[in-house]
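For reference, the structure discussed in these notes is given below.
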Amino acid sequence: MAEISDTTEQKSVSGTGTNSHPGAKSDSLQALRGLAFVGIFLGHFYYFGWTPISVSVFFILSGFLLTTRKNASYEKYGIADSFKEAVRRISKLYPLHIIMMLVSIPFVIYRAGGLHLSDLLIKIGCNVLLIQSLVPSADINASLNGVSWFLSNIFVLYIVFPFLYRLFKKCRDRLSLVFTLIVLIAVQTLYVYFVGCFVHTADVMTYLIHSSPLYRVFDMSYGIILGFMSMKERKPDEDSKLLSTIVELITLVVTGMLVFIWSKESMIVYLSYAPVCPLMSVIWMQLFYRKGGLATKLLTNKVTVFLGDRSGSAFLIHFPIVVYINTFIFPHLTVLKRTIIHGILFPGSVILTLVLSYLYDKWQAGRRK
């Protein structure tokens, strides 16, 4: 998620008022970030949303933006250079990660029914080192501030990014890139299928097809491939606006149907939607990058762009707030009162998250001057 709030660098590379570079449409990509964050917030607060697609979108966006910046250094990076670059990229969000980890400790102690010091120290150590996403257990990889597995994951993927970049750069034309993209989606789908067939522990299964770097490297790869494709893309035909609008509306309807199905799904693990998420995420990425139809134009506005600008820090902040509400407030309410309180606390928690995010980002901007 570190790449989410990297707007200044994104806009400085892409320029303003021009489409000479794939990253020039930064507002639409920021809007996509904002909408993805909304889907995750809804998923954590109400237990429905487009969270599965949103998570994939974040990883795809990271790969796309890193690729379209066309940094010549990628060609020379070894593992040490990649590690240093990964540290630099997450440095803006790392202090917030530590703060929210500390804020979450009382929740963890309360839910565990008391202080288990050795267990807590292991979780703190994994979170401080950002290695929690390498442990195939939700008790570790989703410990403390549960969503921080994303930061751990993206840190790992930043390290391997230059090597993926050099691999996919070997695809010489757009057709070979499209073919590679299709093959990878098929391989990822088969991977999910085999995990479902041979892994029977829900905890491990969820890890392998949701929070594992091995699974998310596919999403990063899609972003890299889409980045290379965008560099070889012709300018969209003005006459294609109607077709683009139709495609966008169909994608909206399909996404709505998926959200409805997921809200009714009783499975704890992610088998029910993992295979379809990569394809839907790639489609949304392409639609917002091209911004050729009415739907993406309407969805790219000041509100969604603002949410996208805040989404990096807001992502880490929102989860402890939601956990606090779900732990200390909702269990003590009747169904009717819980429904009423939902309508009050949801906008309140959104506002609190955005205010805290704004203050943190402003503090970070001041430190970097």
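The values are calculated or read from the model by the stated rules, or taken from the named source; none is laboratory data. Keep in mind the model is a prediction, meaning the values are calculated, not measured. Neighbour counts are summed over all protein chains in view; Cβ atoms, including those assigned to glycine, are modelled from backbone coordinates with ideal geometry.
At a glance:
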| item | result |
| --- | --- |
| Which numbered condition Phe155 misses (of (1) at pLDDT 95 or above; (2) on the phi > 0 side of the Ramachandran plot) | (2) |
| Scan of region 173-184 for residues that are under 17 Å from Arg216 (Cα atoms) and surrounded by 15 or more Cβ atoms within 10 Å (Cβ to Cβ), ordered by number | Thr180, Leu181, Leu184 |
| Scan of region 160-172 for residues that are buried (at least 18 other Cβ atoms within 10 Å of the Cβ) and either aromatic (Phe, Trp, Tyr) or within 17 Å of the chain's Cα centre (by Cα) (or both), ordered by number | Phe161, Tyr165, Phe168 |
| Qualifying residue in region 45-57 (condition: small (Gly, Ala, Ser) and not in a helix (DSSP H, G or I)) | yes |
| Single condition Asp219 does not satisfy, out of (1) modelled with pLDDT of 90 or more; (2) over 30 Å from Ser137 (Cβ atoms); (3) charged (D, E, K, R); (4) touching a helix residue (DSSP H, G or I) at 6+ places or on another chain (Cβ under 8 Å) | (2) |
| Of all residues making up region 77-131, the number that are more than 20 Å from Pro162 (Cα to Cα), touching a residue at least 40 places away in the same chain (Cβ under 8 Å), hydrophobic (A, V, I, L, M, F, W, C) and not in a loop (DSSP other than H, G, I, E, B) | 5 |
| Residue pairs meeting the criteria (Cβ under 6 Å; at least 6 apart or on separate chains; first under 13 Å from His318 (Cα atoms), in region 142-154; second small (Gly, Ala, Ser) and crowded, with 23+ Cβ neighbours inside 10 Å) | none |
| Those residues of region 60-78 which are modelled with pLDDT of 90 or more and either farther than 15 Å from Tyr289 by Cα or among the aliphatic types (A, V, I, L, M) (or both), in sequence order | Ile60, Leu61, Leu65, Leu66 |
| Count of residues meeting criterion [hydrophobic (A, V, I, L, M, F, W, C), out of contact with any Ser or Thr (no Cβ under 7 Å at 6 or more places or on another chain) and over 17 Å from His97 (Cα atoms)] in region 135-156 | 1 |
| Leading residue by the ranking (modelled with the lowest pLDDT) among those in region 35-53 that are surrounded by fewer than 24 Cβ atoms within 10 Å (Cβ to Cβ) and of a type in the set (Gly, Ala, Ser) | Gly49 |
